[in-house]
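A short write-up of the structure that comes next.
No lab work stands behind these numbers, since they all come straight from the coordinates. What you see is a predicted model, and the numbers here were worked out from it, not measured in a lab. Because the Cβ atoms are built from the backbone with ideal geometry, glycine has one as well, and the counts that use them run over all protein chains shown.
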Amino acid sequence: MFRWKLHGDGRTVAPGAVVAPGERLNWGATIAIGLQHVIAMFGATFLVPVLTGFPVSTTLLFSGVGTLLFLLVTKNRLPSYLGSSFAFIAPITAATTTAGTGSALAGIVAVGVLLMAVGFIVQFAGLGWVDKVMPPVVAGAIVALIGFNLAPVAWSNFQLQPLPGTITLAAVILFSVLFRGFLGRISIFLGVIVGYVATVIIQLTTGEVLIDFSVVEQAPWVGLPTFQIADFASPATWSVIAMFLPVVLVLVAENVGHVRGVAAMTDATANRSTGRALIADGVATTLAGTFGGSGTTTYGENIGVMAATRVYSTAVYWIAGLTAIVLSLSPKVGAVFNTIPPGVLGGVTTALYGLIGIIGIKIWVDNRVDFSRPVNQYTGAVALVLAIAGFTMQWGDFQLGAIVLGSVAALVIYHLGNAIARARRTGADDGGPIPAVGPLGGDPS
């Protein structure tokens, strides 16, 4: 498992060639590219704990450990970095407010266990059943509603410090538009740096305390992260778990997309590792949630680095994972990120949460979802409004939040609507009444 074949001369990659997962460059180049992967994932990975109130060092630790577990479970054949998943932000934010951090961690554990179960089914039965349960119109709606549901959170931070928020948002947009390749992919990270520096300058010129550096000064350079155990005993935990379950659909889509992307660039046989990838991410997410870290997923930022360098060697991810673990053992690093002011967070999340929503819409566009069909129209429309408006339903201590209601609505409307349409078509074929045109035009299904 740990024997990589040296690629070519070990220093360069020939035009049109790629360094396969079982190959590597010389160790100097391998270490350098591994550190580049850490930089690529860092901007997104630290944002999740900062936004949810989780310890940054703990999340970073389980990000590194999860990456190493992923490599082991996939038999070192599938390159990937497991960073903090943005899909967890909305349920963690809601769960922490209503039931506490322990219950939120229990929700993360539940997602991990269910993702493992999906992985085992995929490993033995294939992916066909996933496409039937969650077709593109449903998958896109669920991904989009998770992002748009967070819009009020972005505004609540932005309005506290509008000037740093505006500078940060403008920087993120400019970096993503002006730069291509690696720098473009870390535009959020660069935007946070610009916003942070701008806030420091504003603090120095106005005398207003916007950032408290005393916490950083007091934090030790070396120390263990803070751990917290998931709470399954609280009565409110089970309604929290229901709030987290739609995240599984997002993680399935992200992992499947990652495997297909690697297979397209290296070897089609990588698709055989899809089940193992889901299992591995499930194991990593379960472990992280059990001890106080954020749930994980495969990272698009790191896919971009692989595409740019054409190095798909799993050796670089061992370097990246180990580096993340080392960084997590410095409380001072975590303290620095905890000083990021709310205005900067508001600016970056205005872009970030919107991008999560756009990813869902992109799923619709890429799969050419037919929105002339009323069943598709209502699948997306109802789900998004439920999430954006923040619909909730409560029975005693059990509460269903907007993400759950929106996801359930998307699944029910799509599958029930198509079942009714099939029944009506069968009735028409048997001489029954012919279905009328739908209210918004097109096929009544």
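Mind running the shape call on region 301-343? Use the C-alpha gyration tensor, a ≥ b ≥ c as the square roots of the eigenvalues: rounded below 1.5 for a/c, prolate if a/b tops b/c, oblate otherwise. Oblate, because a/c is 1.5 or more while a/b does not exceed b/c.
Would you work out if region 141-201 is rounded, prolate or oblate? Take a ≥ b ≥ c from the square roots of the eigenvalues of the alpha-carbon gyration tensor; rounded if a/c is under 1.5, else prolate when a/b is larger than b/c, oblate otherwise. Walk me through the numbers before you get to the answer.
Numbers: a/c = 2.87, a/b = 1.12, b/c = 2.57.
Oblate, because a/c is 1.5 or more while a/b does not exceed b/c.
A cut-off under 11 angstrom between Cβ atoms defines the neighbours of Thr74, and their net charge, with Lys, Arg +1 and Asp, Glu -1, is +3. In order along region 54-69, phi translates into HN-Hα couplings of 7, x, 4, 4, 5, 5, 5, 4, 6, 5, x, 4, x, 4, 5, 5 Hz, rounded to whole numbers, per the Karplus curve 6.51 cos²θ - 1.76 cosθ + 1.60 with θ = phi - 60° and x for Gly and Pro.
Sort 140-149, 363-372, 13-22 by packing, meaning the average of other beta carbons within 10 Å per residue, with the highest value first. Walk me through the numbers on the way to the answer.
On the way: 140-149: 26.8, 363-372: 14.3, 13-22: 16.0.
Order by mean packing, descending: 140-149, 13-22, 363-372.
Give me the net charge for the shell around Gln218: Cβ to Cβ below 13 angstrom, other residues only, Lys and Arg +1, Asp and Glu -1. Intermediate values should be presented prior to the final figure.
Values: positive: Lys332; negative: Asp212, Glu217.
That sum, taken over residues with Cβ under 13 Å, equals -1.
In the chain, the DSSP-assigned H stretches of four residues or longer account for a calculated mean residue ellipticity at 222 nm of -22000 deg cm²/dmol, using -39500 (n - 2.57) per stretch and the full residue count as denominator. The HN-Hα couplings worked out from phi for region 158-170 by the Karplus form 6.51 cos²θ - 1.76 cosθ + 1.60 (θ = phi - 60°) are 4, 5, 6, 9, x, 5, x, x, 5, 4, 4, 4, 5 Hz, whole numbers, x standing for Gly and Pro.
In this structure, the amide hydrogen of Leu82, modeled 1.01 Å from its nitrogen in the peptide plane, lies closer than 5 angstrom to those of Thr67, counting only residues at least 5 positions away or on a different chain. If you take all other residues with their beta carbon under 13 Å from the beta carbon of Leu25, and give Lys and Arg +1 and Asp and Glu -1, the sum is +2. Taking a ≥ b ≥ c as the square roots of the Cα gyration tensor eigenvalues, with a/c under 1.5 meaning rounded and otherwise prolate when a/b beats b/c, else oblate, which class fits the chain? Cα axes put the chain in the oblate bin. Place a label point 7 angstrom from the Cα of Val326 along the Cα-to-Cβ direction, then list the residues of region 190-226 whose backbone nitrogen is under 20 Å away. Residues 220-225 qualify, since their backbone N sits under 20 Å from the label point. Here the residues Asp267, Asp281, ranked from fewest to most Cβ neighbours within 10 Å of their Cβ, fall in the order Asp267, Asp281. A convex hull fitted around the alpha carbon atoms of region 1-105 yields 117 Å³ per residue.
Taking every DSSP beta bridge that has both residues in the chain, what percent is antiparallel when rounded to the nearest 5? In the chain, DSSP labels about 65 percent of beta bridges as antiparallel. Of the trypsin sites (Lys or Arg not before Pro) in region 111-219, the ones in a loop by DSSP (not H, G, I, E or B) with at most 11 other beta carbons within 10 Å are Arg180.
So how do 389-395, 417-423, 101-107, 378-384 stack up, highest first, on mean other-Cβ count within 10 Å? All intermediate terms of the calculation are to be shown ahead of the outcome.
Working: 389-395: 12.4, 417-423: 14.7, 101-107: 25.4, 378-384: 22.1.
Ranking, from highest mean packing down: 101-107, 378-384, 417-423, 389-395.
Within region 165-195, the chymotrypsin sites (Phe, Trp or Tyr not before Pro) that combine a DSSP coil assignment with at most 15 other C-beta atoms in a 10 angstrom radius are Phe179.
Using Cα positions and a limit of under 18 Å, work out the lysines in reach of Lys132, with same-chain residues fewer than 8 apart set aside. Straight-distance partners of Lys132: none at all.
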